[in-house]
Amino acid sequence: MEKEQKDEGYFDKTQTLKDAGMIEFSVPCHRPSSSEQRKEEEPHELLVPDLCSLPLTPPTAVDCNFTCYFAPDFMKPDHDQYVYRHPNGLCVIGLASTHVALKGNRVKTVDFNVGKSNRSEIKVSGKRKRNAQRFEPNTALCKVSTSNGDTSYIVRCCVKGSLLEVNERLIKQADLLNSSADREGYIAIIMPTPTDWIKAKNQLLSLEEFKKLRGLC
Amino acid sequence: MAISNEKEEVISCSKVGVIVEAKEAQISTGPSEGEAADKIISDTVLSLPSHAILDLLSIGVCTRCIFRLFGVRGQIYWSSLLSPTIFAPLIQKSNGSDDEHSKGLESEFCSICLGILQFGFSKEKQNLVKSELINNVSEEIAKFIKQEGHEIDSFSLEVSIPPIILANERSVWLYLKKKYGSERWFEEKFHAEHVTVKDAFKLAITSSLETLLTAKSEISSSSRIRLNHTHSKASLNLEKESVENADGANVKRGAECSEQSNGKTDAAIQRSLSRLQDHAFCERFKSPPEKVNEPCKLEIICNRAPIYIGGRYLKYSRNVSQSRWLIDDERKGEASVEEIIGSNILPVCRGDNYKFHAAGREDIDVRMLGSGRPFLVEIQNARHVPSEVSIGEMEEKINNLREKLVRVRNLQVLGSEGWTLMREGETEKQKQYAALVWISRPLEDEDLQTIASLMDMSILQKTPVRVLHRRSPLDREKIIHWMKIERMVGSQQYFLLHLCTEAGTYIKEFVHGDLGRTYPNLGSILKCRAEILQLDVTDVKMDCFN
Ligand SMILES: [Zn+2]
């Protein structure tokens with residue numbers, strides 16, 4: 001059993017197929033009562049969920065498991081980054097869809113060899129996260145170069161903390177940033193201390209604030 | 001001096017059968033056999049040096065301690081026949097009608113064994129019991145065991161005595177050596193190999209306890225009866241003395257905690273006593289020892305080794321955790337498998353406490369169906385070992401609780417082997433799941449074939465983000481043995497995914513991909529976004545409690 005906190009009730013808040021009139025009512029919307037379940041030795045009926053209660057489009061794993069924060073114009077105009085905070089304290093860092101590098105550009109390369117060390121060569125190990133480097137919010141994580149001339153953009157930590165991993169898949173598949181910057185195109189995972197997180201959080205925008213700022217509503 | 005050790009205890013317990021005979025002879029027989037026993041005893045009395053016996057009696061040594069010190073063996077001497085009156089002929093012979101000796105004896109407890117071998121004891125808030133009758137002690141023990149509700153068919157006996165007794169014994173020995181060391185009997189009979197107080201007490205009590213408890217005394221019994229004798233004041237003095245004497249002096253204990261001397265300090269005291277030279281011993285301890293007017297305090301402890309009740313559990317709720325789970329004193333989930341099962345088993349076994357062990361675990365929001373998951377409940381100090389019938393009733397009760405959150409199957413009582421059984425069964429397991437999945441495009445018939453064609457597929461899983469804060473960052477290769485898509489009537493994008501995987505595969509991450517950190521994942525295989533809404537374990541393949 002994993003001790004993450006999970007919003008157990010999120011299905012109720014979402015529009016259901018029934019609400020949306022998407023299913024025919026010939027389908028019995030019926031869940032076996034608990035006494036029926038017990039007598040039923042064949043568990044198959046137990047496994048089939050009640051379609052009526054399912055959302056039309058379920059929330060994504062990112063929506064369910066993280067709280068999304070944003071750092072707009074981080075160090076430079078239009079350098080918008082996201083910070084997805086897991087209840088366990090870890091922060092996933094990446095490029096927001098509004099980041100200048102993603103605007104009409106194809107990302108050509110992602111280079112983790114920035115600063116004093118190559119970020120993709122730090123091998124963190126053990127429960128205590130040996131070798132993890134402590135970085136400042138403005139420490140560079142990687143350099144993203146686009147097909148648009150020689151333009152390159154520095155991606156930064158945004159929060160102070162230990163760097164646990166960078167997304168090595170980006171070295172060979174830089175285009176993940178174009179197809180899925182908010183999922184498979186994440187840049188890095190950082191573990192801030194609780195106090196550092198409180199400080200960092202004050203500098204970040206919530207999803208709603210960010211949408212308002214960028215006119216995404 | 002003979003100090004009892006494991007070996008001796010084995011021997012003493014094997015003698016039990018003989019005592020039973022002696023006792024039976026005493027209780028149920030005609031006068032001729034009783035007279036025979038009397039004769040053995042009086043012959044033995046006559047064979048001892050009378051002047052030394054009288055000396056010992058005058059310094060307050062009890063009958064059984066005298067017999068012990070003279071190396072008298074044979075179970076009859078620890079039976080109730082051995083009353084102080086057996087020495088009356090000796091006393092009369094030396095002093096005519098002087099019965100001061102015997103009067104003096106009555107008024108105090110043995111200066112060596114502190115009354116333990118006179119079967120006298122005191123209990124908390126209770127006046128002292130003075131008897132010479134072993135049955136008084138064993139009745140007290142039997143009463144306690146009945147009160148506590150222990151149901152036992154065998155027991156192993158442990159006896160602890162105050163360490164001062166060892167000093168008393170040595171002090172008496174030195175006293176006799178000084179006075180009679182040159183006499184022939186001292187060399188011949190008064191040697192070091194005598195029966196210890198502990199062993200003599202065990203010899204005396206075992207058979208009557210067996211009768212009263214209708215239980216056999218067995219060294220390997222899982223029910224342990226411990227008889228703690230303490231004599232607070234005397235123990236305290238000795239402890240201070242000898243501990244200060246021990247070279248390190250680092251074990252100096254406060255007076256408050258030394259009253260109940262535990263085994264460790266006993267051993268330390270024994271060691272430091274034996275290290276003490278005779279002259280040094282005499283400086284510290286009176287020889288002969290002081291007379292005592294107060295018997296030992298008797299503490300009875302009965303404890304059964306853990307019993308195990310094993311089986312498999314099913315969990316029908318997505319809001320029930322496996323173990324009791326509190327975060328900042330706030331309960332997570334409405335109940336726990338541990339508590340539902342434990343709270344129904346414990347009262348039947350009437351144990352002190354229980355511990356719940358399971359072979360692996362599922363997330364709180366994952367149901368456990370099908371075969372169920374093997375578990376063990378360890379019951380500490382169970383008073384009652386449930387029969388097959390009451391195990392069946394227990395199973396029935398749990399399965400018919402008002403809220404059907406949890407069920408159990410194949411409930412059974414196990415000995416200590418239960419643990420090994422589960423440990424061995426735990427290895428090499430496969431697990432089968434049913435996941436409710438949504439994909440970002442309509443499901444095609446082709447997808448069903450694609451998925452069904454993947455057999456024993458390797459995937460690479462990075463430690464999931466949700467546990468990465470407390471687990472090592474690792475890339476683990478896992479095998480998805482097979483998968484099958486079951487369409488759901490009325491939906492194009494929802495379906496059930498049945499899959500069988502190697503133990504330790506993170507299923508939720510395999511479906512949604514965990515930011516691409518599990519690869520390939522269901523979404524990458526179907527070339528779309530995949531989300532998991534519900535997960536059920538449908539089979540745990542394990543070789544135990546099937
Ligand atoms: Zn005695």
Segment B:59-76 residues that are closer than 12 Å to B:Leu203 by Cβ, paired with ones that are at pLDDT 80 or above and within 8 Å of the ligand (Cβ to nearest atom) (beta carbon under 7 Å, 6 or more apart): B:Arg64/B:Leu117
Segment B:461-510: number of residues that are within 9 Å of chain A (Cβ to nearest Cβ), assigned to a strand (DSSP E or B) and surrounded by 14 or more Cβ atoms within 10 Å (Cβ to Cβ): 4
Test for B:Asp536: is it assigned to a strand (DSSP E or B), under 41 Å from the mean Cα position of the chain (by Cα) and of a type outside the set (Val, Ile, Thr): yes
Out of B:Ser416, B:Ser440, B:Ser458, B:Ser453, sole residue that is in contact (Cβ under 8 Å) with a residue 40 or more places away in the chain and away from every other protein chain (no Cβ under 13 Å): B:Ser416
Residue among B:Asn400, B:Asn381 that is within 11 Å of chain A (Cβ to nearest Cβ), surrounded by fewer than 21 Cβ atoms within 10 Å (Cβ to Cβ) and not charged (D, E, K, R): B:Asn400
All helices (runs of 4 or more DSSP H) inside segment B:1-115 with 1 or more residues being at pLDDT below 80: B:6-14, B:16-28, B:31-47, B:88-95, B:100-106
Exclusive hit being surrounded by 19 or more Cβ atoms within 10 Å (Cβ to Cβ) and touching a Pro at 6+ places or on another chain (Cβ under 7 Å), set B:Leu436, B:Leu411, B:Leu405: B:Leu436
Selection within segment A:163-217 - of a type in the set (D, E, K, R) and crowded, with 17+ Cβ neighbours inside 10 Å: A:Glu165, A:Arg169, A:Asp182, A:Arg183, A:Glu184, A:Asp196
Lone unmet requirement of (1) of a type in the set (Phe, Trp, Tyr); (2) away from the ligand (no atom under 16 Å from the Cβ); (3) touching a Ser or Thr at 6+ places or on another chain (Cβ under 8 Å) for B:Tyr180: (3)
Residue check for B:Ile152: modelled with pLDDT under 80, surrounded by 16 or more Cβ atoms within 10 Å (Cβ to Cβ) and more than 13 Å from the ligand (Cβ to nearest atom): no
Matching strands (runs of 3 or more DSSP E) fully within segment A:96-211 where at least 2 residues are within 11 Å of chain B (Cβ to nearest Cβ): A:161-166, A:188-191
Number of positions in segment B:357-368 that are of a type in the set (A, V, I, L, M, F, W, C), more than 19 Å from B:Glu424 (Cβ to Cβ) and surrounded by fewer than 22 Cβ atoms within 10 Å (Cβ to Cβ): 1
Residues of segment B:324-360 classified as among the aromatic types (Phe, Trp, Tyr) and within 14 Å of another protein chain (Cβ to nearest Cβ), total: 2
Check on B:Ala268, without any contact (Cβ under 8 Å) to a residue 40 or more places away in the chain and either surrounded by fewer than 16 Cβ atoms within 10 Å (Cβ to Cβ) or assigned to a loop (DSSP other than H, G, I, E, B) (or both): no
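The values are calculated or read from the model by the stated rules, or taken from the named source; none is laboratory data. Source: prediction; values computed, not measured. For neighbour counting, all protein chains shown are included, and Cβ atoms are generated from backbone atoms with ideal geometry for every residue, glycine included.
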